[in-house]
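A short reminder: the numbers here are calculations on the coordinates, not readings from a lab. The shown structure was predicted, so the numbers you read here are calculated from the model rather than taken from an experiment. Because the Cβ atoms are built from the backbone with ideal geometry, glycine has one as well, and the counts that use them run over all protein chains shown.
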Amino acid sequence: MINEIKTEVNVRMGKTLEALHHAFGRIRTGRANPSILEGIMVPYYGNDTPLNQVATIAVEDARTLVISPWEKKMIGEIEKAILKSDLGITPATSADKVRIPLPPLTEENRKDLVKHARHEAEQARIAVRNLRREAVADVRELVKEKLASEDDGHRGEEDVQKLTDKRIAEIDHALAQKEADLLEI
């Protein structure tokens, strides 16, 4: 029973870490990366559709993304959707492609992005701690109902704490890498 609790909390903490990496992918660094366009929705036949489902997104060079829509009529809609997004980038449209030149980040922009990355990391830490609290409560409930011995309960709580410490260290490492990327000139 306790092993099932530990396995479940490990999986859920892993999903929290995946979500953090996904959130970090959407934070713009100085280099072109197609993941910054995730979350941009484009009207397509009356439905909001993710940009990557109506076009191909490629990296042309270190500071330019190229979007090649599958239908030429989508160019205007893609351009509008990018302008409406909060990315602060301006697309340049040609006959059949949308180019997105990414300007170099200013010092102020870098600091704001670092602040945003720290916020995302703190939210992940909070989620991991909440998962720890739930798992420890489940272990204590097993001990209370006499489904596990007190020694097994203490070992289970220690194992959950070790897992929590490991995941928080992984979050801190991911944050340090993202900060280094953002502050790199």
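Key figures
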{"item": "Options H116, H154; residue that is closer than 30 Å to E79 by Cα, surrounded by 12 or more Cβ atoms within 10 Å (Cβ to Cβ) and not hydroxyl-bearing (S, T, Y)", "result": "H116"}
{"item": "Matching residues, the stretch 168-185, being of a type in the set (D, E) and more than 16 Å from the chain's Cα centre (by Cα)", "result": "E184"}
{"item": "Only listed residue being of a type outside the set (D, E, K, R) and surrounded by fewer than 11 Cβ atoms within 10 Å (Cβ to Cβ), chosen from A124, A169, A135, A81", "result": "A169"}
{"item": "Single condition L105 does not satisfy, out of (1) touching a residue at least 60 places away in the same chain (Cβ under 8 Å); (2) assigned to a helix (DSSP H, G or I); (3) of a type in the set (A, V, I, L, M)", "result": "(2)"}
{"item": "Filter result (charged (D, E, K, R) and in contact with a helix residue (DSSP H, G or I) (Cβ under 7 Å, 6 or more places away or on another chain)) within the stretch 141-185", "result": "E150, D152, E157, D159, R167, E170, K178, E179"}
{"item": "Where a residue in the stretch 68-87 is within 25 Å of L113 (Cβ to Cβ) and its partner, wherever it lies, is in a loop (DSSP other than H, G, I, E, B) and of a type outside the set (V, I, T), with Cβ under 8 Å and at least six apart", "result": "I78/P91; E79/P91; I82/P91; L83/P91; S85/G39; L87/R28"}
{"item": "Positions within the stretch 27-68 being more than 25 Å from A174 (Cα to Cα), touching a Lys or Arg at 6+ places or on another chain (Cβ under 8 Å) and not hydroxyl-bearing (S, T, Y), in sequence order", "result": "E60, V66, I67"}
{"item": "Index of the failed condition, R28 passing every other in (1) assigned to a strand (DSSP E or B); (2) basic (K, R); (3) under 22 Å from the mean Cα position of the chain (by Cα)", "result": "(1)"}
